[in-house]
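Undergrad: Before I ask anything, here is the structure I am working with.
The values are calculated or read from the model by the stated rules, or taken from the named source; none is laboratory data. Remember, predicted model here, so these are calculated numbers, not experimental data. Because the Cβ atoms are built from the backbone with ideal geometry, glycine has one as well, and the counts that use them run over all protein chains shown. For the accessible areas, the whole protein counts, side chains as well, though only heavy atoms, and no ligand, DNA or RNA atoms are used. Shrake-Rupley method; radii C 1.70, N 1.55, O 1.52, S 1.80 Å.
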Amino acid sequence: MLGSNAPQESFSSTWTWAAVISLIGVVVSIGFTVYKLRKRRTAEKAERLKPDYNLLDEVAVVLDKLADMPAQKPDLSSLNELRTRVKQAERRSPDLRFGDIVARIDVYQKTVLPDCFGKKLSSKRITLEELLALSRQQGAAITEIRVAIDAVQAEIDRRTK
């Protein structure tokens with residue numbers, strides 16, 4: 001029924017190209033906005049987790065000092081303070097595995113050598129084998145703490161990159 005004299009109703013190519021270019025502009029600007037928001041959120045998370053990361057570095061330094069000697073209760077004062085700070089970090093970031101580090105520090109603290117172990121050794125109240133076993137347990141506990149620290153720091157790195 002349409003004859004050859006019927007006007008054709010359609011968009012001109014100028015309007016079509018303008019709409020396509022506008023749509024591309026909107027999509028690109030939304031993409032940049034999402035990228036910037038994600039980048040800002042990652043930077044904020046990194047800033048929030050940086051003190052915890054540094055705390056774990058401090059624990060590692062104290063463990064290096066303790067690894068060089070058979071630890072007794074007086075030697076653990078700085079480790080006890082850091083343990084408290086790690087527990088606070090666990091409350092701030094419960095999704096990170098700070099609890100593993102605290103638990104491994106607790107295990108390490110149970111392996112300390114008894115007070116005046118030299119006198120106890122000479123009086124035969126404690127055997128050399130018992131002292132060596134405690135020393136080996138200390139070494140193993142330090143290794144486990146370091147592994148737990150490395151795992152948490154790797155998780156922090158993964159979340160902030």
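Undergrad: With +1 on each Lys and Arg Cβ and -1 on each Asp and Glu Cβ, how big is the dipole of the chain about its Cα centre, in debye rounded to the nearest 20?
TA: On the way: 27 positive and 21 negative charges, 65 e Å.
Using Cβ point charges on Lys, Arg, Asp and Glu, the chain gives about 320 debye.
Undergrad: Right, next: How far, in nm, would the chain grow between Glu155 and Thr16 when pulled straight, counting 0.36 nm per residue and subtracting the alpha carbon separation? Intermediate values should be presented prior to the final figure.
TA: Values: separation 139, 0.36 × 139 = 50.04 nm, distance 4.91 nm.
Contour length minus the Cα-Cα distance gives 45.1 nm.
Undergrad: When the accessible area of the chain is computed with all protein chains present and a 1.4 Å probe, what percentage of it is carbon and sulfur? Show your work: numbers first, answer last.
TA: Values: 6700 of 11560 Å².
It is 58 percent, rounded to a whole number.
Undergrad: So I have (1) 49, 38, 24; (2) 54, 31, 29; (3) 121, 27, 23, and one of them is Cα extents along the principal axes in Å calculated from this model. Which one is it?
TA: Of the listed options (1) 49, 38, 24; (2) 54, 31, 29; (3) 121, 27, 23, (3) comes from this structure.
Undergrad: If you don't mind, another one. Can you tell me the FRET efficiency between Ser78 and Lys110 if r is taken as the Cβ-Cβ distance and R0 is 22 Å, rounded to the nearest 0.05?
TA: Working: r = 18 Å, r/R0 = 0.81.
With R0 = 22 Å, the Cβ-Cβ based efficiency is 0.80.
Undergrad: May I have the count of lysine pairs in the chain with C-alpha atoms under 25 Å apart, counting pairs 8 or more residues apart or located on different chains?
TA: Going through the chain pair by pair, I get 25.
Undergrad: Further, regarding this structure: With each label point set 7 Å from Cα along the Cα-Cβ vector, what nm distance links Leu132 and Arg41?
TA: Inter-label distance under the simple model: 5.7 nm.
Undergrad: Sticking with this one: Using only DSSP helix segments of four residues or longer, with each worth -39500 (n - 2.57), what per-residue ellipticity at 222 nm results for the chain after dividing by its residue count and rounding to 500?
TA: Mean residue ellipticity at 222 nm (helix-derived): -27000 deg cm²/dmol.
Undergrad: Hey, another quick one. Hey, if you put +1 on the Cβ of every Lys and Arg and -1 on every Asp and Glu Cβ in the chain, which of Thr160, Leu131, Thr14 ends up farthest toward the positive end of that dipole?
TA: The one lying farthest along the dipole's positive direction is Leu131.
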